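Presented below is the structure to which this report refers.
The values are calculated or read from the model by the stated rules, or taken from the named source; none is laboratory data. Note that the coordinates shown come from a computational prediction; the quantities given were computed from them, not determined experimentally. We place every Cβ from the backbone using ideal geometry, glycine too, and count neighbours over all the protein chains shown. Just so you know, the surface numbers come from the protein's heavy atoms only, side chains and all, with ligands and any DNA or RNA stripped out. Shrake-Rupley method; radii C 1.70, N 1.55, O 1.52, S 1.80 Å.
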Amino acid sequence: MVQQRLDRAQVVESAIAFVDACGLSELTMRRLGTALDVEAMALYRHVSGRGDLLEAMVDELIDGLFDDDLMTEDSHSWEEYLQRVANATRNLALKHPRIFPLIATQPPQAPWLRPPLRSVRWVEDFLSSLQRFGFADAEAVAAYKAFTSFLVGALLLQAASLPPEVLGDEEESSDGDDLSEYPTVARLQGLLMEDHAQREFDDALDDLIERIRTCMQG
């Protein structure tokens, strides 16, 4: 096997691409080394193990979310700021549906950091942005907790609900399952299969923003 020069960034980016294609459960140091055409031991010069690699993958995606042009523009209101962050995070979850559960569940560096906005850099920007629009300390922290809970719940559901063809899987769908013993489900299957994910996300975000606004006014 011909060795090639690697750096940590290349290893992390390759791991993200591997999981996007094959799934998190398939990621091992040996398989990633094979994908990079290097011995698995060569990877340990750049990451200390699979746990370190997973954390680096999460950091890379969350930092990339922060550095997105959409996020570096100034918002004109706190509502606009929340909408930008929410939709940028949703785009991340839909782009990397096999990695987003890791972002949502990987233990953060501090217990008061909450996924998916799980870096100190993100929390600083979030809290200071809301305070620029008049949020008191307690209001900004409460909004951070409510907002991150909303994102994790809504986006984990959306990532898990993507059909196999979107993920590139060849598995057969469950459309042909025998529902003869479940007449109500059979009758309503068409409605259950309708995809209103974007509208539902927008409506839930609007509801959250309205609750935050009511708390501020109260």
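Key figures
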quantity	calculated
One residue from Leu113, Leu94 being among the aliphatic types (A, V, I, L, M) and not in a loop (DSSP other than H, G, I, E, B)	Leu94
Qualifying residue in segment 23-33 (condition: open to solvent by less than 20 Å² (accessible area, probe 1.4 Å), under 18 Å from Val58 (Cβ atoms) and either touching a residue at least 40 places away in the same chain (Cβ under 8 Å) or under 21 Å from the mean Cα position of the chain (by Cα) (or both))	yes
Residue count, segment 1-45 (criterion: assigned to a helix (DSSP H, G or I) and closer than 25 Å to Leu92 by Cα)	23
Residue satisfying all of: in segment 101-119; aliphatic (A, V, I, L, M) and within 18 Å of the chain's Cα centre (by Cα); surrounded by the most Cβ atoms within 10 Å (Cβ to Cβ) among these	Ile103
Yes/no for Val12 being over 30 Å from Phe135 (Cβ atoms) and surrounded by 12 or more Cβ atoms within 10 Å (Cβ to Cβ)	yes
Residue, modelled with the lowest pLDDT, within segment 156-181, restricted to residues that are polar (S, T, N, Q) and either touching a helix residue (DSSP H, G or I) at 6+ places or on another chain (Cβ under 6 Å) or part of a helix (DSSP H, G or I) (or both)	Ser161
Those residues of segment 120-135 which are outside any helix (DSSP H, G or I) and open to solvent by less than 50 Å² (accessible area, probe 1.4 Å), in sequence order	Phe135
Residue list for segment 182-218, restricted to those being exposed (fewer than 10 other Cβ atoms within 10 Å of the Cβ), among the charged types (D, E, K, R) and modelled with pLDDT of 90 or more	Arg199
Condition broken by Asp7, with the remaining ones in (1) touching a residue at least 12 places away in the same chain (Cβ under 8 Å); (2) under 24 Å from the mean Cα position of the chain (by Cα); (3) within 22 Å of Ser119 (Cβ to Cβ) satisfied	(2)
Identity of the residue in segment 64-89, assigned to a helix (DSSP H, G or I) and open to solvent by 60 Å² or more (accessible area, probe 1.4 Å), that ends up nearest to Ala143 (Cα to Cα)	Gln83
